[in-house]
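What follows is one structure encoded as structure tokens, with my remarks underneath.
The values are calculated or read from the model by the stated rules, or taken from the named source; none is laboratory data. Values in this document were obtained by computation on a predicted structure and should not be read as measured data. Cβ placement follows ideal geometry from the backbone for every residue including glycine, while neighbour counts extend to all protein chains displayed. For accessibility, only protein heavy atoms count, side chains too; no ligands or nucleic acids. Shrake-Rupley method; radii C 1.70, N 1.55, O 1.52, S 1.80 Å.
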Amino acid sequence: MSEIKQYPVLKHIVNVIKNAIADSKVDAQSQSVSIIKDGNDSIHIKQLFDSTDEDIATIFITDKKEILFSEDLLETLQDIEDSAKGDAALKKALQATTIIVNDLTIETDFIFQAVKESFNELSDSYEFLKTTEKNIEELAAQFKFGDNRFDIKLKNESDIIRIEAQVNATVTPKVKAIIEADVVKIEQGLTKMFKGEK
């Protein structure tokens, strides 16, 4: 049986992840799909191309157990082109590649982790409940402030981070004002942190 020849970008990303996770094994399924097995857990990695340009790839990673997060591999993947030492063509291809982990870009994932940390820093009364929607650069999530539930919608745009709070009508105006003011603080702080001064 001949070995499957995989796309260089996919092969490189798979190797970086495999080398970082001790005792993991790679199952190359096709030219565009690999599965990394770590004990009973697995990470599915698939490469698709932009319909208009064969040089622009998107890597979709499904990592249900969040192994990449627990192994601190998201930062490595965000700067993946730095790992292509001495191969200018591969480095260029990696720079043009978008990596999506569990339906979010890596930057959006980092932003969302920072949103959760920011709420915790502002008050012990905030509690993250669950993510309700993920779509590449956008997500929706539920939080609580004391006994008051509210939703946020986060949108990672090229030059700004937008966070919108949807507070239940039963929440008192005073509590609603606190949540909305905190959301504005977080939105401004994270835009400055991730997008720089505008």
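What full-extension length gain, to one decimal in nm, is calculated for residue 124 and residue 40 as 0.36 nm per residue of separation minus the Cα-Cα distance? Walk me through the numbers before you get to the answer.
On the way: separation 84, 0.36 × 84 = 30.24 nm, distance 3.61 nm.
Value of the extension gain: 26.6 nm.
Give me the angle, in degrees from 0 to 90, between the Cα long axis of helix 8-20 and the longest principal axis of the Cα atoms of the chain, rounded to the nearest 10.
With both axes taken from Cα atoms, the answer is about 70 degrees.
Can you give the charge dipole size of segment 40-198 about its Cα centre, rounded to the nearest 20 debye, using +1 on the beta carbon of Lys and Arg and -1 on the beta carbon of Asp and Glu?
Numbers: 20 positive and 33 negative charges, 120 e Å.
It comes to approximately 580 debye.
Identify the residues of segment 103-139 with backbone N under 14 Å of a label point that sits 7 angstrom from the Cα of residue 82 along the Cα-to-Cβ direction, or state none.
none
Which of 175, 110, 83 sits closest to the plus end of the dipole of the chain, meaning its Cα is farthest towards the positive end, when Lys and Arg get +1 and Asp and Glu get -1 on the C-beta?
Among 175, 110, 83, the one farthest towards the positive end of the dipole of the chain is 175.
So I have [x] 125; [y] 155; [z] 140, and one of them is volume of the Cα convex hull per residue in Å³ calculated from this model. Which one is it?
Read-out from the structure maps to [y].
Where a Cα-Cα gap under 18 Å defines reach, which lysines qualify for residue 37, not counting those fewer than 8 residues away within the same chain?
11, 18, 25, 46, 64, 65
How far apart, in nanometres, would the label points at residue 193 and residue 169 be if each is projected 7 angstrom from Cα along the Cα-to-Cβ direction?
It works out to 3.5 nm between the two label points.
Please give me the summed charge of the neighbours of residue 3: other residues whose Cβ is under 13 Å from its Cβ, Lys and Arg +1, Asp and Glu -1.
Working: positive: 5, 11; negative: 27.
My count for the surroundings of residue 3 gives +1.
Picking from 35, 9, 57, whose Cα lies most toward the positive end of the charge dipole for the chain (charges on Cβ: Lys, Arg +1; Asp, Glu -1)?
35
What angle, in degrees between 0 and 90 and rounded to the nearest 10, separates the Cα long axis of helix 106-122 from the longest principal axis of the Cα atoms of the chain?
With both axes taken from Cα atoms, the answer is about 30 degrees.
Hey, if you put +1 on the Cβ of every Lys and Arg and -1 on every Asp and Glu Cβ in segment 49-179, which of 74, 136, 122 ends up farthest toward the positive end of that dipole?
122
Roughly speaking, what is the centre-to-centre gap between segment 64-95 and segment 108-173 when only Cα atoms are used, to the nearest Å?
What the calculation gives is 27 Å, centre to centre.
Pick from 140, 169, 84: which residue has the top mean-square fluctuation in a GNM of the chain where Cα pairs under 10 Å get a spring?
Maximum among the listed residues: 169.
If r is the Cβ-Cβ distance from residue 75 to residue 15 and R0 is 22 Å, what FRET efficiency results, to the nearest 0.05? The partial results should precede the final answer.
Working: r = 17 Å, r/R0 = 0.78.
After rounding to 0.05, the efficiency reads 0.80.
Tell me which chymotrypsin sites (Phe, Trp or Tyr not before Pro) from segment 99-198 have a DSSP coil assignment and no more than 14 other beta carbons within 10 Å of their own. Walk me through the numbers before you get to the answer.
Details: sites: 110, 112, 119, 126, 128, 143, 145, 150, 194; in loops: none.
Passing sites in segment 99-198 do not exist.
If we sort 25-32, 86-93, 41-48, 176-183 on the protection proxy, mean other Cβ atoms within 10 Å, highest first, what's the order? Spell out each step's value before the answer.
Working: 25-32: 14.2, 86-93: 12.8, 41-48: 18.8, 176-183: 17.2.
Per-residue Cβ counts within 10 Å, averaged per peptide and sorted highest first, yield 41-48, 176-183, 25-32, 86-93.
Any idea what angle helix 173-195 forms with the longest principal axis of the chain, computed on alpha-carbon atoms, 0 to 90 degrees, nearest 10?
Taking the Cα atoms of the chain, the angle to 173-195 is about 30 degrees.
If DNA, RNA and ligands are ignored and the probe is 1.4 Å, what is the ranking of 155, 195 by accessible area, most exposed first? If you can, show how the numbers build up before the last one.
On the way: 155 85, 195 30 Å².
From most exposed to least exposed: 155, 195.
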